[in-house]
Each structure stands twice: as C-alpha cells, then as structure tokens.
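Read-outs: derived from the displayed coordinates by stated rules, not from any lab. None of these values were measured; they are calculated from a predicted model. With ideal geometry, Cβ positions are generated from the backbone for all residues, glycine too; neighbour counts draw on all protein chains shown.
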Amino acid sequence: MSQPSVSPFRVIDLIRKKRDGGTLSTAEIGYLVEGCTLGSIPDYQMAAWLMAVVLRGMTREETAALTHSMLHSGEVLDLSFLPAKKVDKHSTGGVGDKTSLVLAPLVAAGGLYVPMISGRGLGHTGGTLDKLESIPGFRVDLSVPEFHRVLKACGASMIGQTEKVAPADRKLYALRDVTGTVESPYLICASIMSKKLAEGTDALVLDVKTGSGAFMKKEEDAVFLAELMVETGELMGKQMVALITNMDQPLGRMVGNALEVQECIEVLHGGGPPDLRELCLHLAAWMFHLGGVAKTVAEGKQLSGEIIASGKAFERFRQMVELQGGDVSTIDDPSRLPSADYRVDVGSPSTGYVSAIDCEQVGTACVILGGGREKKEDSVDPAVGIVIHKKIGDKVAAGEPLCTIYCHSDAHAAHARKLLEESYTIAPTPPAHRPSLIHRVIHKGEH
C-alpha cells in the first residue's frame, strides 16, 4: 500500500460527518483505513472517528466497506492449492472456551482444511494461542510458508496473526483498547471478519457467546452482532452461520491454559464434560455441513462423533502439535503438561443448589492467578487455573468444594478465592431452568 500523492478528503470532515450521524462512502472509509495503516492520519484523529462510530453506529454497507478495507490492508492468504474446502470457526470469547483445540483436528480428520488464525486472552476471557503455548515447544508464530506446509500435511494449523495479515486491525484495535471504543458491534465485526477472511476460508462458523461471562451480556446484543457478521461474510462471498451459545457459566470444568488443553484431550478421547463435548459436536457438524461433507447438520454431528470414537481426531491433533514443534509426550500423557502443585478448595457456604455463577468473576479470578492478562504486555502462567466441581442446578452440601484453585502459593490464592466465593449463588431449591447450551442459530438456509 503506497502513500497517496493527493489527499481526496479531509479527515476532520469525515469525523464530523460520522459524529453528526452521516453515512461514509466506501472511498471515505478506505481513505481512513489506508491513512491509519500508513500512519499518515494521526492517532488522535482516528480515535475521534472511532468514538463517533461508537456513538452513532454504522450502516451494513459501511460495516462491509470497513471490513473490506481492513482485509485488504495487508496479505490475503491464497489456499487454492489445497484440494478440499477451507472452513474455520471463531468464538467471541468466554471462560473455559476451548473448542478450537478440538474442532481443528476433528474437522481436518473429516476431510476439510482448517486454517485457524487465533488470538490471545483478552480481559477475563481465555485465548487459543495461550492454551496452545502451554504445550512445551508449540510454535504459534509460523511463517506463511510454514503455515501452508502444516495445513497440507495434516489439514489443520493454528497460528497467531502475522505481521502482514490485516495490519489495519492491529493498529485500530490498539487504539480501541485505550480509548474506550472496544464495545462497538460494528468495529468488533470488522475486526473479527477482516482477520478471518484473510485466512482464505470458504466458510466460517461463528460461536457468539451471551451471558455473564461473555462480552455481550444481553442475548439481543449477541444476536445483533451475529447477524451483522453473517451478513458481512455473505456480502463477501462466504458461507456463514452463527450460533448464539450460553456463557452464564464456564464451558466444561477447567479454566486455565494447561488445564484446558488437558480437558480437550479428554474430549478427543471420547470423554470430557457433557456441555463441552456437545458444543464441539454441534460446531463441527455445522463446519462439515458448510464444507459440503455432510448434507445436513444432523449428519455432520453423527460424523463428528464417529471420527472422535475412531481415534482419528486425537491422532490429527497429535500430528499438528508435532508439526508445530510441540512436545507430543505431553499430549500422550497430559500429566506432563505444566501443573501447579498448590491447591485450594473453595467450599460452599451452605447446603442447597447452585442457582447462578458470575462467570466473568471466575475468568477474572483466573487472570489474578496469572492465567490471563490484565494488560497486553503481561505474561501468562500456563500451570495455574480453576477446576469447577459444581455448576448451575447441581446440589451441594455446606463445606463441599464448589471449585478448586490451582496456584503456587497462599498469596496467589487469597484474592482469587474471595472472587470465586462471591461468584456462586446457593439457593435452597433447584433453579427452575438450567441454562440451554445453544440459544439460536442464524443462517440463511437450514436451521
């Protein structure tokens, strides 16, 4: 991308136009994205425009134009050399949300290619790259040729965003992070979709979380974002589906990087917690359906179960780990993964039933232990985390452990323990309804 010789627009006019509720043209949005990427537009002006978007919103056309400009601010991977369809999945983030580590090898074992460019933990939510890096030696910083090689060899590869993929997103996100403009659904959509479309995929399955542990606490907000992303992807020629899924409690039983890898290995061996296993099967079913391997979602779900039962999904995960430099002995024997020896139980204050869990506080407790980042530059301890024993609807006796903290000392545990104690609500009677795993499916065709 080269510096334009003549500026066709004045940035202040574009800021005012959006501030006053106007609609920017494709050319105007392209000019802003190009100027941000090149550094020719100062950060303070881009920040002002971002805040105007937060306050005034964007049209569907503006959102698609922003996504397109961010996508083409850098390299769009060409995976046409791979013979089968390329399908990916993206989650908006949650606590204990580890499905990518199951889905990539599972769907690859079913004959599709899964090129996954993933992210790190953000606030109280965990990140796929942090989980993978808890496997000793695992490299997430592959070059594009290395990424191609791993994909060709085993059908799946999971890496971080390269310098050349959607550079506008890196610059805009850094600004949003420090200017209170992260929450805009239009900016979230453009950020996610520009990176995901840069992977060269044919189809994308979105897992949009809602509930106390999600960024979108209200279901109507999650649905709005999901519809926006589905429509944006379809406008750019991709097959799309979005599932609105529950994040009112952690997914599975493990929260923390190495612990979550261990739980994924359990699922790949046919075990694991029922909610995690069910969500993985359902997301994989949609990936197989959009990828043309399964005629229906039901057929895709059955295929997913068969592939796990055969051991092929685990073998594909093991192969991917080995190809990306990881120590496969830790996959064969998960007790060799990083582990914290000091453990603290969090007991129930009374006898009754778990009626609610403040899921975000559980995620925050894990961050406090060192399992996530409060600031972008923070390091992550792969060994620490939380094992959940009781979930919504479960009966519990006074003093019985609700969860167990895995940490290195009492000092690390004290603050996290207080948060976890506060996060559980115990009632004398069972809740009227247990939270449903999948709330809605947003798709043009079969539901």
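For the chain, the longest principal axis of the C-alpha atoms and the axis of helix 144-154 are separated by about 50°. Maximal additional length on extending the A411-D332 stretch stands at 25.1 nm, based on 0.36 nm per residue less the C-alpha distance. In the chain, Cα pairs under 8 Å separated by at least six residues give a relative contact order of 19 percent.
Calculated [222 nm] ellipticity per residue, helices only, for the chain: -13500 deg cm²/dmol; basis is -39500 (n - 2.57) per DSSP H run with n ≥ 4, divided by all residues, nearest 500. If R0 is 41 Å, the Cβ-Cβ spacing of E234 and A397 corresponds to a FRET efficiency of close to 0.20.
Rounded, prolate or oblate: pick one for segment 192-258, where a ≥ b ≥ c are the square roots of the eigenvalues of its C-alpha gyration tensor, a/c under 1.5 means rounded, and failing that, prolate if a/b is larger than b/c, else oblate. Oblate is the answer for segment 192-258, as a/c is 1.5 or above yet b/c matches or exceeds a/b. Of K164/K418; K391/K444; K196/K218; K196/K390; K209/K295, which pairs sit farther than 32 Å apart, going by alpha carbon to alpha carbon? Pairs exceeding the cut-off: K164/K418; K391/K444; K196/K390.
Counting 0.36 nm for each residue step from E421 to Q45 and taking away their Cα separation leaves a gain of 130.9 nm.
What's the angle, to the nearest 10 degrees (0 to 90), between helix 60-71's Cα axis and the longest principal axis of the chain? Between helix and principal axis, roughly 90 degrees. Descending by average beta-carbon neighbour count within 10 Å, the peptides 357-364, 150-157 line up as 357-364, 150-157, the highest first.
What shape does segment 11-57 have by the C-alpha gyration tensor, where a ≥ b ≥ c are the square roots of the eigenvalues, rounded means a/c under 1.5, and otherwise prolate means a/b greater than b/c and oblate the rest? Oblate, because a/c is 1.5 or more while a/b does not exceed b/c.
With each label modelled as a point 7 angstrom along the Cα→C-beta vector, the E278-E75 pair spans 4.2 nm.
Were the residues from A298 through E227 laid out at 0.36 nm apart, the gain over their Cα-Cα distance would be 23.3 nm.
Of the peptides 405-415, 98-108, 167-177, the order by per-residue mean of other Cβ atoms within 10 Å, starting with the highest, comes out as 98-108, 167-177, 405-415. With contacts taken as Cα pairs under 8 Å and at least 6 residues apart, segment 67-173 reaches a relative contact order of 35 percent. Ranked by the mean number of other Cβ atoms within 10 Å per residue, highest first, peptides 192-201, 132-141 order as 192-201, 132-141.
In terms of its alpha-carbon gyration tensor, segment 340-383 comes out oblate; a/c meets the 1.5 threshold, while b/c is at least as large as a/b. Between the beta carbons of A174 and L437, assuming R0 = 45 Å, the FRET efficiency works out to 0.85 to the nearest 0.05.
Each of I12 and T429 was given a label point 7 Å from its Cα along the Cα-to-Cβ line. The distance between the two points is 6.5 nm. For segment 87-333, the relative contact order is 31 percent, taking Cα pairs closer than 8 Å that sit 6 or more residues apart in sequence and dividing their mean separation by the residue count. In a Debye calculation with equal point scatterers on the alpha-carbon sites of the chain and no solvent, what is log10 I(q)/I(0) at q = 0.05, 0.06, 0.07, 0.14 Å⁻¹? Here log10 of I(q) over I(0) equals -0.18, -0.25, -0.35, -1.34.
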